[in-house]
Amino acid sequence: AKEDGRNRLRLYDLALHQRFLEETALEEALRRALDNNELRLVYQPQFDAKDPTRLAGAEALLRWQDPEKGPISPGQFIPLAEKSDLITKLGRQVVALVCEQVGTWRAAGLNPPPISFNVSPKDFRGGQLASDLLRTMAQHGVTASQLQVEFTEGTLTGGADVVLKQVQELHEAGIDLAIDDFGTGYSSLINLKRLPLAELKIDKAFVDGLGKSEHDEAIALASLSMARAFGLRTVAEGVETPSQLAWLQAHGSDRIQGFLLARPLEAEDFSALLLDFDST
Ligand code: C2E
Ligand code: CA
Ligand code: CA
Ligand code: CA
């Protein structure tokens, strides 16, 4: 039995070591990808809940295609980047990509809705976010009303002063702020009061339970009514079924994002969508 235990221990060590090696290799690959500009953004449309044919916004989401490993999901590489120093570089690249794309659409005479993008807690805490973003916007002729910044509640824990200053700067520059994945983190409702937010995003975790789980419905309802009380726009993400859509429409969500209406689109496909909407 003692022998067994030792073997198990060795097996565990090996598995741990294996994981460490894999993470190190992936981190190196991500570093190369950032240096070679191998990351791109896709754009998931958001629609008006009252009239789901009306395009109201879009969320920019990162994609990474490694030459050897194939597509690697942000759920995998974002946490890795956050653990290392790579997130700063990654965050800057997202800002550059989104400003460049919005600038390109405008230059082509297209009129994109506000494009929302995700910012990691570390980028807020770095204290450079607002100035970096405003400089990059100016370079590409992008104005504040054309963008929106999404961040999660976790951003507020640790270094709250620096974060609040960044939030304030963005707000004063006229950039809308959205609280993402609402209800999933160690949130404090006081954040709704002390932050100059424009939008609250109801997480897919709760949308999944609509029509199935009383608890998820209660959380979604509470989130919607709190958002209303604070004058925030609401977006429900991860909407996959007509019954979820119907529930959200009945309970007053402002916007809908999810595979039911549209998957994240490559920039060219999003352009085609913009052309469609412009001509109608
Ligand atoms: P998130 O910010 O909550 O983004 C929404 C995620 O839900 C996206 O996954 C989107 O593709 C997915 N989604 C939207 N509608 C549906 C649906 O109907 N069904 C299902 N199953 N999924 C849906 P994605 O693109 O894999 O991104 C995962 C997470 O990675 C994001 O969650 C965000 O936290 C992070 N992320 C993505 N892009 C960036 C980025 O540019 N910067 C940072 N810091 N994080 C990012
Ligand atoms: Ca998001
Ligand atoms: Ca989200
Ligand atoms: Ca989410």
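No value in this document is a laboratory result; all are computed from the given coordinates. Since the model is a prediction, treat every value here as computed from it, not as a measurement. As a convention, Cβ positions derive from the backbone with ideal geometry for all residues, glycine included, and neighbour counts pool all protein chains shown.
At a glance:
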{"quantity": "Length-normalised contact order of the chain in % [C-alpha pairs under 8 Å, at least 6 apart]", "calculated": "18"}
{"quantity": "Angle in degrees between helix 129-139 and the longest Cα principal axis of the chain, rounded to the nearest 10", "calculated": "60"}
{"quantity": "Per-selection Rg to Rh, region 21-112 - Cα, Kirkwood hydrodynamic radius", "calculated": "1.06"}
{"quantity": "Overall Cα dimensions of region 138-184 - principal axes, largest extent first, Å", "calculated": "34, 22, 15"}
{"quantity": "Gyration tensor verdict on region 119-240 (Cα atoms; rounded if a/c is under 1.5, prolate if a/b is larger than b/c, oblate otherwise)", "calculated": "prolate"}
{"quantity": "q = 0.24 Å⁻¹, region 76-179: log10 I(q)/I(0) [Debye, one scatterer per Cα]", "calculated": "-1.37"}
{"quantity": "Contact order normalised by residue count of region 54-166, Cα under 8 Å, 6+ apart, percent", "calculated": "29"}
{"quantity": "Cα-centre dipole for region 134-216 with unit charges at Cβ (Lys and Arg positive, Asp and Glu negative), debye to 20", "calculated": "200"}
{"quantity": "Calculated on alpha-carbon atoms, Rg and Dmax of the chain in Å", "calculated": "20.5, 75"}
{"quantity": "DSSP bridge pairs, the chain: antiparallel proportion in percent, nearest 5", "calculated": "40"}
{"quantity": "Ranked packing of 123-131, 65-73, most packed first, by mean Cβ within 10 Å", "calculated": "123-131, 65-73"}
{"quantity": "For region 175-280, size of Cβ-based charge dipole, Lys and Arg +1, Asp and Glu -1, in debye", "calculated": "560"}
{"quantity": "Region 155-251, relative contact order [Cα under 8 Å, separation at least 6], %", "calculated": "25"}
{"quantity": "Protection proxy ranking, peptides 17-26, 241-250, average beta carbon neighbours within 10 Å, highest first", "calculated": "241-250, 17-26"}
{"quantity": "Dipole moment magnitude, nearest 20 debye, region 1-143 about Cα centre, only Lys, Arg, Asp, Glu C-beta charged", "calculated": "180"}
{"quantity": "Rounded tilt (10° steps) of 2-35 against the dominant C-alpha axis of the chain", "calculated": "40"}
{"quantity": "The chain: calculated mean residue ellipticity at 222 nm from DSSP helix runs of at least 4, using -39500 (n - 2.57)", "calculated": "-16000 deg cm²/dmol"}
